[in-house]
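Data block below; observations after.
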Amino acid sequence: MKKSARMTTRYKKIFLAWPIALSLVLWCMGDSFGIENKATVQGHTTSLQATIEMGGDMNFISLSLKDSIVYALRNNFDIEISKLNSKGTDYDITKERSRFDPILKLAGNIQNSETPSSNILQLGSDTATVISPFVMKGNTADAMIQSLLPTGATVSLDYNIFRSFIDPSPFQLLNPSYTNFIDARITQPLLKGAGWFYNRSPIYIARNNKKISLSQFKSKAMEVSNAVQEAYWNLVKAIEDLRVAKKSKERAEDLLKKNKIEVETGTLAPIEIIDAEAGVASRVEAILSAENAIKDKEDELKRIMNLANKETLSDASVIPVDKPVFEPQKVELKETIRIAMEKRPELTELQLSTENAGIQTRRRKNELYPQLDFAGGIRYTGLGSEVSEANDSTFSEAYQGEFLGLTLSIPIGNRSARSEYNKSKLNERQATINVRKKELDIVVEARAAARQVMTNIERVNATEKSRELSQKRLEVEEKKYEVGRSTSLEILRAQEALATAEGNGTKAIIDYQISLGNLEKAKGTILDVYDIKLEEETKT
């Protein structure tokens, strides 16, 4: 009991001898395992579920524009790749944090040697002959925990057991003997490689890279959303073209019927039937072209939504639920540019890249300094015929040693470090220029998108006026035809002009809808317009 109490007291003393080193190691372990400075980013999810209504015979799919966008964001290949890239950056952060993970090293060694000897001091005078064997056996066990601190210091705690046996041993009081030691040491850079910023800056860069990946993901989501709205409205445009073509064909067929009746009654020349039949044939050709265009636009929308390779959906017809509505909106150019500067993720991405370049420049500047390291530590050593005795001796504080030292290393010329520093400054300058260039591109894009919206508003008004005039012209030609002052050819021309005007009017309205989407894309708010949320939660 006395021996146990004595050992307990000595263990307490030894822990009091190097509390700083041990506490630093434990602090480092806590940081590396996420006790503090935790940085995680949750995955990206869409808050809406795309609802696809299908007919009982699976021949059509009814889709709203919002459903189409959400479905594309959930299934588009580019979006999925962007998600995986973003998730991969989480591992980069963990990798950089792992530099501060403690390392446990365990080592064991056995050495046995038997050599001939004629040394009397080695063999002893009582047993020595001319040549006698001399046996040495040594077993070593070593355990060490080592870690890097954010200041750049390396701390370690080493525990070593060495068992030795010598035969013969005329001058050894203990044979076999155990020599134990506990060693706590710290090596702290004072210039090159020193400081919290230098050693944790790779983590800062990795975190910025995570934010960059999130910006890239958002950019891709915006691109896909804009591509969907363009494809969706282009499909609507193709369907409207088919409707206009069918309506034009109905007018031509009505004219053909009237002409046949009048030819039969002898009030019209037979040539008028040929002109009317030619008009019907041209309308049939237009319908076939419009139907083919619908299939092309359907395939484009399905491709973006990743429906083209679905067996049950690849042949189904897409029925757009939303219809183009013309509601003129006033566009403030200055406000548009201001919002774009705040919302565009591409600009955020470049700004973060510039920040990373600045961090690298600071790191390279630190590496220009000479290497000046401070090293210090304390060691307790013990000796005994048993391990327990050696431990008692080690923790008794009777055999204590300390060491302190400075090491200076100066690279002559230091050309490599200077080259890296100069290169990093160039990279930082290049990143800054890229930000300015992107700002200019965003301004130009926003201005162009705003002008396109205003132009399409004027187009809609102009095409509506053209449609009204074409309708009146057809009515006039029909009245003239009834009294014999016009021909079937003129009627067909008027019908064609009206069909073209109707088609242009519909196209102008749809182009206006597309330009509104392009404007929101240029502003960086297209996801907000369709109330689509991307979860991007960062915990620090």
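The values are calculated or read from the model by the stated rules, or taken from the named source; none is laboratory data. If you're wondering where the values come from, they're calculated on a predicted model, not measured in any experiment. Neighbour counts are summed over all protein chains in view; Cβ atoms, including those assigned to glycine, are modelled from backbone coordinates with ideal geometry.
Some points to look at:
- Extreme residue, surrounded by the most Cβ atoms within 10 Å (Cβ to Cβ), among residues of the stretch 437-474 that are under 25 Å from ASN356 (Cα atoms) and in contact with a Leu (Cβ under 9 Å, 6 or more places away or on another chain): ILE442
- Boolean, ALA290 is assigned to a helix (DSSP H, G or I), surrounded by 18 or more Cβ atoms within 10 Å (Cβ to Cβ) and more than 53 Å from the chain's Cα centre (by Cα): no
- Answer residue from the stretch 293-317, given it is of a type in the set (A, V, I, L, M, F, W, C) and either modelled with pLDDT under 75 or under 26 Å from the mean Cα position of the chain (by Cα) (or both) and is surrounded by the most Cβ atoms within 10 Å (Cβ to Cβ) among those: MET305
- Residues (surrounded by 15 or more Cβ atoms within 10 Å (Cβ to Cβ), closer than 20 Å to LEU104 by Cα and aliphatic (A, V, I, L, M)) located in the stretch 133-178: ALA141, MET144, ILE145, LEU148, LEU149, ALA153, VAL155, LEU157, ILE161
- Per this entry, LEU333 is not counted among residues that are modelled with pLDDT under 95, among the hydrophobic types (A, V, I, L, M, F, W, C) and in the same structural domain as GLU397 (by TED's automatic domain parsing).
- Residue match in the stretch 325-340 (condition: aromatic (Phe, Trp, Tyr) and surrounded by fewer than 17 Cβ atoms within 10 Å (Cβ to Cβ)): yes
- In the stretch 475-505, residue surrounded by the fewest Cβ atoms within 10 Å (Cβ to Cβ) [restricted to those that are among the hydroxyl-bearing types (Ser, Thr, Tyr) and in contact with a Phe, Trp or Tyr (Cβ under 8 Å, 6 or more places away or on another chain)]: THR487
- Test: residue in the stretch 476-486 that is among the aromatic types (Phe, Trp, Tyr) and under 33 Å from the mean Cα position of the chain (by Cα): no
- Evaluation of SER388 against the conditions (1) closer than 30 Å to ARG185 by Cβ; (2) modelled with pLDDT of 90 or more; (3) polar (S, T, N, Q) shows that the sole unmet condition is (2).
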